[in-house]
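Peer 1: For reference, the structure I am asking about is given below.
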Amino acid sequence: MKNILLIVTNIDRYASGHLKTGLWLSELTHIYQSAKIKEWAVTIASPKGGNTPVDPESLKPLVLDTISKKYYESPEFMNELAHTRSLDEIKDESFDCIYLTGGHGTMYDFPDNVTLQEILRNQYENNKMVAAICHGVGGLLNVRLSNGEYMIKGRNITGFDWFEETLARRKNEVPFNLEAALKERGVHYKKALIPMTSNVVADGNLITGQNPFSSKEMAKVVVSELEKETFSLRT
């Protein structure tokens, strides 16, 4: 049986205070369901622990898929989201996969979280899977390996691109340009030919998804790769 850690945000508003944000629901529900079907252990944690808000944009009819709707209407699941464990609580536990979910809230409480950086460095250097989707990829930006190099330097990676940010009408709200920040770290940035379409990039024990529309494929790839367990560590 595998043991998976899903990390979510605690942030419910942009810095401007004008708009609500939070977790993009499908970026959690698809991997959650896939793991549950396999009867794997699933832990949901957040930087501070406690409640993770759901971005109201992710609940709109055009993007709320059947799986996400099912979980949003599940009192048991929503109770899990209301009582996440903190990163400090789980930092010494062992997981086969650490998966950073997205939503714009993650841009505020993932990138500079030292505990998260430590957890991800240990996971990566122990040749275990690190996965991130959409804005959650920002949580990888400042992780340094024991040799001082950025963990993502030279790796094939994707994440929510700047044009998609324009389409989402959040360009003037977000704290930074994720696509540009990733490129500054020396990654090989890979984006879908058509914006807002599924794109998953697997590079050894590092797997990233571009946007919410990658949620389903991300879950499939993560499960498939975890069942292989044949990573070759690159540093």
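The values are calculated or read from the model by the stated rules, or taken from the named source; none is laboratory data. A quick note: this is a predicted structure, and the numbers were derived from the prediction, not measured. Cβ coordinates were reconstructed from backbone atoms using ideal geometry, including for glycine residues, and neighbour counts include every protein chain displayed.
Peer 1: Looking at Ile4, Ile67, Ile11, Ile31 in this structure, which one is surrounded by 15 or more Cβ atoms within 10 Å (Cβ to Cβ), among the hydrophobic types (A, V, I, L, M, F, W, C), touching a Cys at 6+ places or on another chain (Cβ under 8 Å) and closer than 24 Å to Val130 by Cα? Break it down stepwise before answering.
Peer 2: Working: Ile67 fails: touching a Cys at 6+ places or on another chain (Cβ under 8 Å); Ile11 fails: touching a Cys at 6+ places or on another chain (Cβ under 8 Å); Ile31 fails: touching a Cys at 6+ places or on another chain (Cβ under 8 Å).
Checking each option against the conditions leaves just Ile4.
Peer 1: Say we look at the range 99-142 and pick out the residues that are among the β-branched types (Val, Ile, Thr) and farther than 13 Å from Phe160 by Cα; which of these is surrounded by the fewest Cβ atoms within 10 Å (Cβ to Cβ)? Give the derivation first.
Peer 2: Residues of the range 99-142 among the β-branched types (Val, Ile, Thr): 101, 106, 114-115, 119, 130, 133, 137.
Next, only the ones that are farther than 13 Å from Phe160 by Cα stay: 114-115, 119, 130.
Values: Val114: 9, Thr115: 13, Ile119: 24, Val130: 23.
It comes out as Val114.
Peer 1: Consider Val174 against the criteria (1) among the aliphatic types (A, V, I, L, M); (2) surrounded by fewer than 22 Cβ atoms within 10 Å (Cβ to Cβ); (3) modelled with pLDDT of 95 or more; (4) under 30 Å from Ile37 (Cα atoms): it satisfies all of them except one. Which criterion is unmet?
Peer 2: With respect to (1) among the aliphatic types (A, V, I, L, M); (2) surrounded by fewer than 22 Cβ atoms within 10 Å (Cβ to Cβ); (3) modelled with pLDDT of 95 or more; (4) under 30 Å from Ile37 (Cα atoms), Val174 is out only on (4).
Peer 1: Okay, moving on. So which residues in the range 188-197 are in a loop (DSSP other than H, G, I, E, B) and under 12 Å from Val137 (Cβ atoms), if there are any at all? Steps first, please.
Peer 2: To start, the set of residues in the range 188-197 that are in a loop (DSSP other than H, G, I, E, B) comprises 190-197.
Those that are in a loop (DSSP other than H, G, I, E, B) and under 12 Å from Val137 (Cβ atoms): Lys190, Lys191.
Peer 1: In the range 129-167, what residues are hydrophobic (A, V, I, L, M, F, W, C), without any contact (Cβ under 8 Å) to a residue 60 or more places away in the chain, farther than 16 Å from Ile207 by Cβ and in a loop (DSSP other than H, G, I, E, B)?
Peer 2: Passing the criteria: only Leu141.
Peer 1: Of the numbered conditions (1) of a type in the set (Ser, Thr, Tyr); (2) within 18 Å of Asn10 (Cβ to Cβ); (3) touching a Phe, Trp or Tyr at 6+ places or on another chain (Cβ under 6 Å), Ser198 fails exactly one; give the number of that condition.
Peer 2: If we test Ser198 against (1) of a type in the set (Ser, Thr, Tyr); (2) within 18 Å of Asn10 (Cβ to Cβ); (3) touching a Phe, Trp or Tyr at 6+ places or on another chain (Cβ under 6 Å), just (2) comes out false.
Peer 1: Residues that are charged (D, E, K, R), over 19 Å from Thr101 (Cβ atoms) and part of a loop (DSSP other than H, G, I, E, B): does the range 198-214 have at least one? First the steps, then the outcome.
Peer 2: Initially, the range 198-214 is screened for residues charged (D, E, K, R), giving 203.
Next cut, over 19 Å from Thr101 (Cβ atoms) only: 203.
Keeping just the survivors that are part of a loop (DSSP other than H, G, I, E, B) gives none.
No, there is no match, as no residue in the range 198-214 is charged (D, E, K, R), over 19 Å from Thr101 (Cβ atoms) and part of a loop (DSSP other than H, G, I, E, B).
Peer 1: Which numbered condition in (1) crowded, with 21+ Cβ neighbours inside 10 Å; (2) over 15 Å from the mean Cα position of the chain (by Cα) is the only one that Asp96 fails?
Peer 2: (1)
Peer 1: Now, a different point. Starting from residues that are surrounded by fewer than 19 Cβ atoms within 10 Å (Cβ to Cβ) and modelled with pLDDT of 95 or more, keep the ones in the range 18-28 and report whichever is farthest from Lys91 (Cα to Cα).
Peer 2: Narrowing the range 18-28 to residues surrounded by fewer than 19 Cβ atoms within 10 Å (Cβ to Cβ): 18-20.
Within this subset, residues satisfying the condition of being modelled with pLDDT of 95 or more are 19-20.
Numbers: Leu19: 32, Lys20: 29 Å.
Result: Leu19.
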